[in-house]
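The values are calculated or read from the model by the stated rules, or taken from the named source; none is laboratory data. Treat the numbers as computed from the prediction; the structure is a model and nothing was measured. Reconstructed Cβ throughout: ideal geometry from the backbone, glycine too, with neighbour counts over all protein chains shown. Quick note on the areas: whole protein, heavy atoms, side chains included, nothing else; ligands and nucleic acids left out. Shrake-Rupley method; radii C 1.70, N 1.55, O 1.52, S 1.80 Å.
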Amino acid sequence: MQVKGVIFDMDGLIFDTEQLYYAGAQKAADKFGIPYDKDLYLDLLGISDEEVIKRYHEMFDHKFGKTQVSDFIAASYENTKMMFASGQAVLKPGVMELLAYLQAAKIDWIIASSNQRKVIDELLFRADLSKHFPKIVSCEDVLRAKPDPAIFLAAQAILGTKKAETLVLEDSQNGVLAAFQANIPVIMIPDLLPPDEVLAAKTRAVLPSLHEVKNYLS
């Protein structure tokens with residue numbers, strides 16, 4: 001395919017953050033006695049913070065009360081924020097090399113992340129990547145989170161490319177489903193959870209890292 005625009009997810013694709021989010025949530029859950037494990041975290045992978053918060057309240061309010069669940073959520077975010085501040089959110093392999101290739105090939109790119117804009121900006125700033133990602137769509141810019149296609153359709157509209165000439169790069173199931181529903185080709189670079197055959201069939205390719213994306217495009 002002839003690619004003229006690339007849409008990047010962020011968490012688990014550009015930054016190795018998913019393990020940090022899980023660790024922050026698990027530490028908070030242990031503190032407040034909330035039954036939590038990695039399987040639950042993976043079930044919520046790739047959806048917006050707003051939707052995660054809603055799901056937590058639906059699952060736990062009846063047993064622990066709204067206040068305790070809210071305290072658990074706040075502690076989760078504080079734990080993660082502290083890990084970000086200490087520099088634990090490192091770049092995934094191949095990010096800079098892929099950006100250099102896209103720039104040389106005159107292929108435009110954009111971030112479309114289910115995260116909040118303030119978190120996106122903080123992570124990019126700490127990694128000295130802000131200048132490399134001037135175009136960003138966050139969860140605040142759309143009404144519905146992944147797996148709804150809205151965020152990728154918004155990103156594609158900003159790029160001004162045709163769907164067939166646009167490529168989404170994703171690490172999560174909900175991200176792949178969102179791209180598939182948007183009818184925009186997608187490559188999956190799995191982070192915590194590999195795809196099953198059904199999900200893999202919705203992608204152009206499943207690759208081990210962004211290094212291979214560069215090779216795929218060239």
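List of remarks:
- Any hit, the stretch 6-21, residues being assigned to a helix (DSSP H, G or I), of a type outside the set (Asp, Glu) and touching a Leu at 6+ places or on another chain (Cβ under 8 Å): yes
- Residue 202 falls short on exactly one of the conditions (1) farther than 18 Å from residue 91 by Cα; (2) basic (Lys, Arg); (3) out of contact with any strand residue (DSSP E or B) (no Cβ under 9 Å at 6 or more places or on another chain), and that condition is (3).
- Scope the stretch 38-71; condition outside any helix (DSSP H, G or I) and either among the β-branched types (Val, Ile, Thr) or open to solvent by 60 Å² or more (accessible area, probe 1.4 Å) (or both); matching residues: 47
- Being closer than 26 Å to residue 84 by Cα, in contact with a Leu (Cβ under 6 Å, 6 or more places away or on another chain), of a type in the set (Ser, Thr, Tyr) and at pLDDT 95 or above is a condition met by no residue of the stretch 170-179.
- Residue within the stretch 126-141 that is farther than 23 Å from residue 93 by Cα and among the aromatic types (Phe, Trp, Tyr) present: no
- Counted as qualifying within the stretch 106-218 are the helices (runs of 4 or more DSSP H) with 1 or more residues that are charged (D, E, K, R) and without any contact (Cβ under 8 Å) to a residue 24 or more places away in the chain, namely 117-126, 197-200.
- Filter result (crowded, with 20+ Cβ neighbours inside 10 Å and modelled with pLDDT of 95 or more) within the stretch 191-218: 210, 213
- Filter result for the condition that a residue is open to solvent by less than 70 Å² (accessible area, probe 1.4 Å), of a type outside the set (Asp, Glu) and modelled with pLDDT under 95, over 74, 85: 85
- Hits in the stretch 157-183 - residues which are over 17 Å from residue 146 (Cα atoms) and surrounded by 24 or more Cβ atoms within 10 Å (Cβ to Cβ): 166
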